[in-house]
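The values are calculated or read from the model by the stated rules, or taken from the named source; none is laboratory data. These numbers come from a predicted model, not from an experiment. Cβ: placed from backbone, ideal geometry, glycine included. Neighbour counts: every protein chain shown. Surface accessibility is based on the protein's heavy atoms, side chains included, excluding ligands, DNA and RNA. Shrake-Rupley method; radii C 1.70, N 1.55, O 1.52, S 1.80 Å.
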Amino acid sequence: MKHIQLLFLVLLTATNGFSQFNIEEENCEVISIGQFQELEGFGDIISKLKTENRLTISNASAIKLVSSDSYVAFEQTPDSIVNQHGKIDADDIELILQVTVNENKYLIIVTLYSSFGHAFKYGLSQKNLERIKNIGHVTLPRVGVIKVEGCNGPTVNLSVSNSPRETNKWIKYYLLDLSYNTFTNTRNCRITDAGEECKEMEKVEIFGVYSSQSCPMPPFAKVETEISNNRICIRNILPPRHKMNESHLEVYDLWDTTTKYREIEKTDFDSIANFILNSGLLQINFHYANPETDGPIAFKTGVCSYGYVIETSWGEIELPISDNRDYNVPDIVSEFNGLFYDILDKYFNEYEPEFDLYLKLREK
């Protein structure tokens, strides 16, 4: 009889598909799939979810980085990978929470596809669905179950742990912050007889990335191209006109110093930020080149120089790629350079500075 009762409990858990059923706090309640289907707006919620991509551009970029399939790694684009994996389906739902924040009720829906976790917020009164931004790649292991550790105001703490029957026991912790609309993996822990041995996930914010390009030819312009979370900005910086030789004034006056702007999709900047955060770029040895230079670290193409600066909450990080000597450049830096130019290509066809303008004028 005990075996039959145990089997019934296992089947009941599998049917509901969630880690717990009646966790209630002042502003937080886990609901089962059955309860979810009985909600008045169930059809509207599912319809809206089915318009959302299973993967983001940053997920697709990560897939390209680690794929052993040459077609995926070198021929597919992040956009084509996102399209290939399609839209969210009801079977992708792993957890549903009903929360109350400032007297407003929301459903929080956590999905899992190809190990990537995503969260969505649905306003029960406004009837709008919003994707919660992942800080870094949020991966949810399929071998574990999602458990709600607690709710405190606008924050929800989650965890995923493996089976107690397994030899190597671990638990991962996550935070949903509805004030900032963010979903992040906060720490990973190994469970031992002495307790939990945890590694905190380092929090770093990416503010923007800019490149600086210059050539030692009149009018000695420096072109800075910046990608931030809402736009691309290209600005041309010239030295003071009175410092120019008279023979250089013609090209100086012809140089376009108008700052160019393009509004960009947030997912494009997110793809750059997530690459920096999750590709290992922040963990490489930045002294792989040790260039001897008085100015910013840069690489030179011919006689022209080009360098990157990543602006983070840790401070500014400079990336050497090549100078007038050969560097042993890590592949990850080259991949970052390619991603940066892919985003520029999407919004600008004319972003390359006309450093040959002086030469063209001289040939007249």
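Could you list all residues from the stretch 161-188 that are under 20 Å from L107 (Cα atoms) and either part of a loop (DSSP other than H, G, I, E, B) or aliphatic (A, V, I, L, M) (or both)?
Answer for the stretch 161-188, where residues must be under 20 Å from L107 (Cα atoms) and either part of a loop (DSSP other than H, G, I, E, B) or aliphatic (A, V, I, L, M) (or both): L175, L176, L178, S179, Y180, N181.
Identify, please: which residue in the stretch 200-238 is surrounded by fewer than 14 Cβ atoms within 10 Å (Cβ to Cβ) and among the acidic types (D, E) and is, among those, modelled with the lowest pLDDT?
Here the residue is E202.
Restricting attention to the stretch 228-277, report how many residues are touching a strand residue (DSSP E or B) at 6+ places or on another chain (Cβ under 6 Å) and farther than 16 Å from D345 by Cα.
So the count comes out to 7.
Given the condition at pLDDT 70 or above and more than 29 Å from the chain's Cα centre (by Cα), answer yes or no: does some residue in the stretch 43-51 qualify?
First, pick out the residues of the stretch 43-51 that are at pLDDT 70 or above: 43-51.
Add one more test, that the residue is more than 29 Å from the chain's Cα centre (by Cα), and what stays is 43.
The answer is yes, given that some residue of the stretch 43-51 is at pLDDT 70 or above and more than 29 Å from the chain's Cα centre (by Cα).
What are the residues in the stretch 112-127 that are in contact (Cβ under 8 Å) with a residue 40 or more places away in the chain and open to solvent by 70 Å² or more (accessible area, probe 1.4 Å), if any? Explain how you work it out, then say what you get.
So the first thing to find is which residues in the stretch 112-127 are in contact (Cβ under 8 Å) with a residue 40 or more places away in the chain, and the list is 113-114, 116-122, 124, 127.
If the condition is that a residue be in contact (Cβ under 8 Å) with a residue 40 or more places away in the chain and open to solvent by 70 Å² or more (accessible area, probe 1.4 Å), then K127 is the only one that fits.
Restricting the first residue to the stretch 38-49 and requiring it to be farther than 18 Å from D92 by Cα and assigned to a loop (DSSP other than H, G, I, E, B), which pairs with a second residue that is open to solvent by 60 Å² or more (accessible area, probe 1.4 Å) and at pLDDT 95 or above meet a Cβ separation below 7 Å and a spacing of at least six or different chains?
Going by the 7 Å Cβ cut-off, there are no qualifying pairs.
Quick check on this structure: which one of K105, K87, K147 is open to solvent by 60 Å² or more (accessible area, probe 1.4 Å) and touching a residue at least 60 places away in the same chain (Cβ under 8 Å)?
Values: K105 fails: touching a residue at least 60 places away in the same chain (Cβ under 8 Å); K87 fails: touching a residue at least 60 places away in the same chain (Cβ under 8 Å).
None of the others qualify; the one that does is K147.
Give, as residue ranges, the strands (runs of 3 or more DSSP E) completely inside the stretch 189-288 that count at least 2 residues that are of a type in the set (G, A, S) and in contact with a helix residue (DSSP H, G or I) (Cβ under 9 Å, 6 or more places away or on another chain).
Values: elements: 195-200, 206-214, 222-228, 231-237, 260-263.
In the stretch 189-288, 206-214 are the strands (runs of 3 or more DSSP E) which contain 2 or more residues that are of a type in the set (G, A, S) and in contact with a helix residue (DSSP H, G or I) (Cβ under 9 Å, 6 or more places away or on another chain).
What's the total number of residues in the stretch 176-199 that are open to solvent by less than 30 Å² (accessible area, probe 1.4 Å) and in contact with an Asp or Glu (Cβ under 6 Å, 6 or more places away or on another chain)?
Total satisfying the criteria: 1.
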